[in-house]
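Report on one structure; see the data block that follows.
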Amino acid sequence: QVNSIFELNFEKVKSDIKRVMKYQSGKMEFELAQVQLHKLKVVEELEQKLEVVRLRKYNKKAFEIKRELNLDRLPLIIEAFDNSHNQGDSNVAASVRFVNDRPTKSDNRKYIIKSFEGVNDYASFDEVLTRRFTRLVKEKSQLPHLVIIDVGKGQLNVAIKVFDELKLHDKIDLISISKDGNHKSAQIHTVDGKSYDILSNDSFTLLAKVQ
């Protein structure tokens, strides 16, 4: 449990404590269960205190990302998009959302591409981005501060076109990340045509994590 706490994996620790507490209560060992309850409260207090520290640390890195990439917004809410296909069939895409450097799995989305058949990476991004952000705008939902497009400059140009059509450039920052030959995040591409090496700044590893 101590190792898990050092790894900031509080959910595992709390789950373990609750499991033991339930077991002891079931055996009428209420004093032992009370000890577990006290331990649970201590862990929750520690989690709250460390969460404040974590958020401060992330905000510092977010400011660095904003400055280095010349973004308009602080990237606290980030969405990333990628698509794939099975030898030209079954075109699919997916998106993930991170809030303050933490994935919010309930916001993950999978898409079945419907507007065409065959292989067309650009058309796939066009469809998915249009569907996603048309819906967010229509429902007046929280927009991300930054959107990451997987692959590279060509796909980024498609995203720029979609954002032009939906008038989103003054609401959301946009970048793409291309990978190297080992399929690892390598280059960040911005809408002003500049590229940045992921390894050139420790804060950029946060973006690679989202990708």
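The values are calculated or read from the model by the stated rules, or taken from the named source; none is laboratory data. A quick note: this is a predicted structure, and the numbers were derived from the prediction, not measured. Neighbour counts are summed over all protein chains in view; Cβ atoms, including those assigned to glycine, are modelled from backbone coordinates with ideal geometry. Note: areas computed on protein heavy atoms with side chains; ligands, DNA, RNA excluded. Shrake-Rupley method; radii C 1.70, N 1.55, O 1.52, S 1.80 Å.
Heavy atoms only, probe 1.4 Å: what % of the accessible area of segment 68-181 goes to carbon and sulfur, would you let me know?
Details: 2910 of 5980 Å².
So the carbon and sulfur contribution to the accessible surface is 49 percent.
Among rounded, prolate and oblate, which fits segment 127-206 when a ≥ b ≥ c are the square roots of the eigenvalues of its C-alpha gyration tensor, a/c under 1.5 means rounded, and a/b larger than b/c means prolate? Provide the component values of the computation, followed by the final result.
Numbers: a/c = 2.17, a/b = 1.91, b/c = 1.13.
Cα axes put segment 127-206 in the prolate bin.
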- Query: In Å², what does the accessible area per residue of the chain work out to with a 1.4 Å probe?
  - Reply: 61 Å²
- Item | the chain - mean residue ellipticity at 222 nm from DSSP helices (-39,500 (n - 2.57) per run, n ≥ 4, rounded to 500) | -16000 deg cm²/dmol
- So what is Rg over Rh here for segment 105-145, counting just Cα atoms and using Kirkwood for Rh? 1.02
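Local charge sum around Leu206 (other residues, Cβ-Cβ under 13 Å, Lys/Arg +1, Asp/Glu -1)?
Values: positive: Arg54, Lys57, Lys60, Lys61, Lys66, Arg102, Lys209; negative: Glu64, Glu68, Asp101, Asp202.
It works out to a net charge of +3.
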- Message: What translational diffusion coefficient, to the nearest whole µm²/s, does segment 52-211 have by Stokes-Einstein, given a Kirkwood radius computed over alpha-carbon pairs, a temperature of 10 °C and 1.306 mPa s viscosity?
- Response: 99 µm²/s
- Using the Kirkwood formula on alpha carbons, the hydrodynamic radius of segment 1-87 in angstrom works out to 16.4 Å
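Please compute the contact order of segment 1-141 in relative form: average sequence separation of alpha-carbon pairs under 8 Å and at least six residues apart, divided by the residue count, as a percent.
Numbers: 136 pairs, mean separation 18.3, N = 141.
Worked out over segment 1-141, it gives 13 percent.
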